[in-house]
Each structure stands twice: as structure tokens, then as C-alpha cells.
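The values are calculated or read from the model by the stated rules, or taken from the named source; none is laboratory data. Worth saying up front: this structure is predicted, and the values here are computed from it rather than measured. Cβ atoms come from the backbone with ideal geometry, glycine included; neighbour counts cover every protein chain shown. We work out accessible area using only protein heavy atoms, side chains counted, and drop any ligands, DNA or RNA first. Shrake-Rupley method; radii C 1.70, N 1.55, O 1.52, S 1.80 Å.
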Amino acid sequence: MPIEFLGMGAGNDSTETSPATTPFFDPSYAVKIARIHEDNNWDHVLFAYNSATQDPAVHATWVAANTERIQLRLAHRPNVSHPTFAARSFLTLDHIAQGRLTVHFITGGSQADQAREGDFLVKDARYGRTQEYLQIVRRAWSGDTFSWDGPHYRFEGFASGLGPFAGKRPGISFGGSSEAAWSVGAAEADIYALFGEPLADAASQQQQILARAEALGRTEPLRWQIAFRPIVAPTDELAWEKARSILATFESRRSAGEVIDPVRHYAVKPEAAGTQRLLAAAERGDLHDRALWTALAKAAGGGGGSATALVGSYDTVTQAILDYHDLGFEIFGLRGYDFVPDAIEFGRHVIPQLKQEVAHRERGVAPAALRAAQAAARTRLAPAPSGSSLT
């Protein structure tokens, strides 16, 4: 099983620890950060979606035209366009990118942010719409002429004249930590993406999703992705010094009344199950497993999005990522707190040794044995009884 790394295709240089020094969307910076990932061993960059940001599809198209190898992960909300239109847009972008596109379908974790773009469906109904949307997009990519009459969409005689690039459709990525999300992802996704939880919690979610996939009779394997904030340095001591400095900046900005992340901030208790799980892990303790630090999830004003960190030396974080790789996670979404230097440092000092170690392991382990080892690891990490510690 390979290992791949997904960075952030940012449109400006603002983070939770520093305000932007670039325009809100800076095309030159967008190309710069994508090329830095491309030149420093990363495999993918993500173009995130929020009602307040630039259009990620246009952003991704600009980057596609100005890069050569980096894979593009385009976040897309089903409520913002009709699925037949979206299917053709994705194919057009994939032709520009020459087959480098995967679409990450997001159902939405904030009712308020959905409402800003006219979407008032309740959460579980949104998941039903997402599943219908995915089914239509996949069918549109097949080249069929077809009609549709479903709970959310109706049309007659649609066909896309544009087919997939080189005969291979874009990938489908999906995330969510509720029961409704597990069911949709088990049925429709190529890649299932989770936030960075403790090992036992992540394994528990995998078991829930795999059980639903088995019940559906799914035969195609799911690929697994997990997201963290990397805080690395040559030694553990230096990494923790950096981590404490980041936390101090969070606390200073909050005490000054600043909103740390105005795009992703949740003013009330977060609705997304994944965010609630991160905050629950943080309440159990700040440090979990080998290097998972959850203090920033509490400090980030609601823990929205990826808010747990892997902290340690290059070697420590390498081993921590390998622990998750042993569970079957093969794509790691990693977004630093200072985009350019963090992408370069992680890309030069951590990614090469991880890819080398995984290649070494693959040479010595047959695929069937590897799958058996991953299943055993998930069973070994079954959740502890209620009330017990997972730290």
C-alpha cells in the first residue's frame, strides 16, 4: 500500500497564527505554494471550500495550468450547482490538468454557512442529497444518455459530450463522521477522509464504514485519508517549543478578541460530528498515542476543520504517521501553520523517509498479508469502554 501526502493549495498566506500579507486571493501566491508542494515531494494539494472564499474550481484551474505533476483535490459542495453542470465542469478541469483531478464532496458542517448560499436542508437530508448528487455525477461521467427523477433532482435526456480524460474518470473523495456520512461514503466514495483522531478512534470509524460497505455488497476497496497539522523540528524539544509558541499565539489572539480563523470559525457549538469528536478527544487529554496533540482543537475557537497536531522530531512524526499507515491510511492531509516554510520542511525532512520506509515494507509484505495486518491492527485498537482513557 503506497503512502501519499496532501498539502494546502492556499490562495493567500494567512493562517491561524498570522494575518495575510497578500491579497485575499493572490494568483501569484496560489501558483507559488502549489509549486513548492510539487517541488518538495508532495503528491496532492487541496482547494478548500467555504462560502466566503474564492471559487476553488477556478483557483484549481489556474494552478492546473501552471503546474505539471501535483495532483489536484477540489472541494465541492453539492448545494452550489446542478450535478449535470458540475460533472461537465469537473471533466473540463480534469482535461486541463491532464488527469490530475480528484473531487472532494463536502456535505457541510455548519448550518449557518450553508444558509449563506441559500441551503436550508437539515444535516441528514443534506447527506441524502449528496448521495443522489454523487450518483448523478458518476453516471454523467460514464457517457450515458439518461434521465433522472429523484428526491432532489429531475432532468430528461442528459448526456455529456465530453468524456473523462484518457478514459479514466476523476476520483471521488468524501468525508464525515456521522452515521449518515458513514453510509454515504461506504456506498459512493473512492477515498474516505477523516480528521486526525487518536488511533483507536480512527480505527473505530474505519470499522463502522467497512461494516456498511460489506452490508452493501461493495467489492471495490476504499482508500483511507486522515488529516493533521504537522509541527516538526530536528528534535522533539524544538518541536514542542514550536508547538507551545503556536498555542501561545492562539491564546493571545483569543484574549485580544480576535477570531483566529474567520473563514472556518464556529461561533457556537460545532454541528459537524467530526469536529465534535476532535473536541471530545481533547477533553480526554492533550496528548494521545505517540505524538497526537489535541490542545489546539480547544484553542482554535470550536475546533472546526483539521485542528489536531502531530508534534515531534522528524523521526518521531515519521513513526506516528506509520502507526496510522498500519491501520490502512495511505493519504495524509497535512497543513502547517506557516504554509511555505512548513511545506518545505516537512517535504524535505519527513516525506522522503516515510516513502522510503513504506517502499521497504512493501517489498517484504505480500498484499494479502498486509491487509490481514491492517485488519488486526483495527481490531486491536477497538474503542475502550465508555469512561476509560485513550490517552
(message) Which count do you get for residues in segment 1-57 that are under 25 Å from THR249 (Cα atoms), hydrophobic (A, V, I, L, M, F, W, C) and in contact with a strand residue (DSSP E or B) (Cβ under 7 Å, 6 or more places away or on another chain)?
(response) 2
(request) Please list, ordered by first then second residue, the pairs with beta carbon atoms under 6 Å, 6 or more apart or interchain, first in segment 87-103 and within 23 Å of GLN225 (Cβ to Cβ) and among the small types (Gly, Ala, Ser), second modelled with pLDDT of 95 or more and not in a helix (DSSP H, G or I). (result) ALA97/LEU72
(request) Would you please list the contacts, defined by Cβ atoms under 7 Å and residues six or more apart or on different chains, that run from a residue in segment 242-263 that is more than 15 Å from TYR337 (Cα to Cα) to a residue that is assigned to a loop (DSSP other than H, G, I, E, B) and modelled with pLDDT under 80? (result) ARG254/ILE260; ARG254/GLY301; VAL259/HIS265; VAL259/GLY301
(request) For segment 132-177, please list each of the strands (runs of 3 or more DSSP E) lying entirely inside it that holds at least 3 residues being touching a strand residue (DSSP E or B) at 6+ places or on another chain (Cβ under 7 Å) and of a type in the set (Gly, Ala, Ser). (result) 171-175
(message) Every residue in segment 34-86 that is of a type in the set (A, V, I, L, M, F, W, C), within 21 Å of GLN98 (Cβ to Cβ) and over 18 Å from the mean Cα position of the chain (by Cα), please.
(response) ILE36, VAL58, TRP62, VAL63, ALA64, ALA65, ALA86
(message) Can you pull out every residue in segment 247-271 that is within 24 Å of VAL311 (Cβ to Cβ), open to solvent by less than 80 Å² (accessible area, probe 1.4 Å) and modelled with pLDDT of 55 or more?
(response) LEU247, ALA248, THR249, PHE250, SER252, ARG253, ILE260, ASP261, PRO270
(message) Here's a check for you: in segment 206-233, which residue that is polar (S, T, N, Q) and out of contact with any helix residue (DSSP H, G or I) (no Cβ under 7 Å at 6 or more places or on another chain) is most open to solvent (accessible area, probe 1.4 Å)?
(response) THR219
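If only one of ALA166, ALA211, ALA181, ALA189 is in contact with a Lys or Arg (Cβ under 9 Å, 6 or more places away or on another chain) and aliphatic (A, V, I, L, M), which one is it?
ALA189
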(request) Taking only segment 322-361 into account, find how many residues are without any contact (Cβ under 8 Å) to a residue 60 or more places away in the chain and over 16 Å from MET8 (Cβ atoms). (result) 8
(request) Find all pairs meeting these conditions: Cβ atoms under 6 angstrom apart; at least six residues apart or on different chains; first residue within segment 143-163 and touching a residue at least 12 places away in the same chain (Cβ under 8 Å); second residue part of a loop (DSSP other than H, G, I, E, B) and open to solvent by 90 Å² or more (accessible area, probe 1.4 Å). (result) ALA159/THR145
(request) Name, by its number, the condition in (1) under 15 Å from GLY274 (Cβ atoms); (2) open to solvent by less than 10 Å² (accessible area, probe 1.4 Å) that does not hold for GLU179. (result) (2)
(message) Restricting to segment 108-167, and then to whatever is open to solvent by 50 Å² or more (accessible area, probe 1.4 Å) and among the β-branched types (Val, Ile, Thr), can you tell me which residue is farthest from VAL80 (Cα to Cα)?
(response) THR145
(request) For segment 349-363, indicate whether the set of residues that are charged (D, E, K, R), farther than 25 Å from GLN206 by Cα and modelled with pLDDT under 95 is non-empty. (result) yes
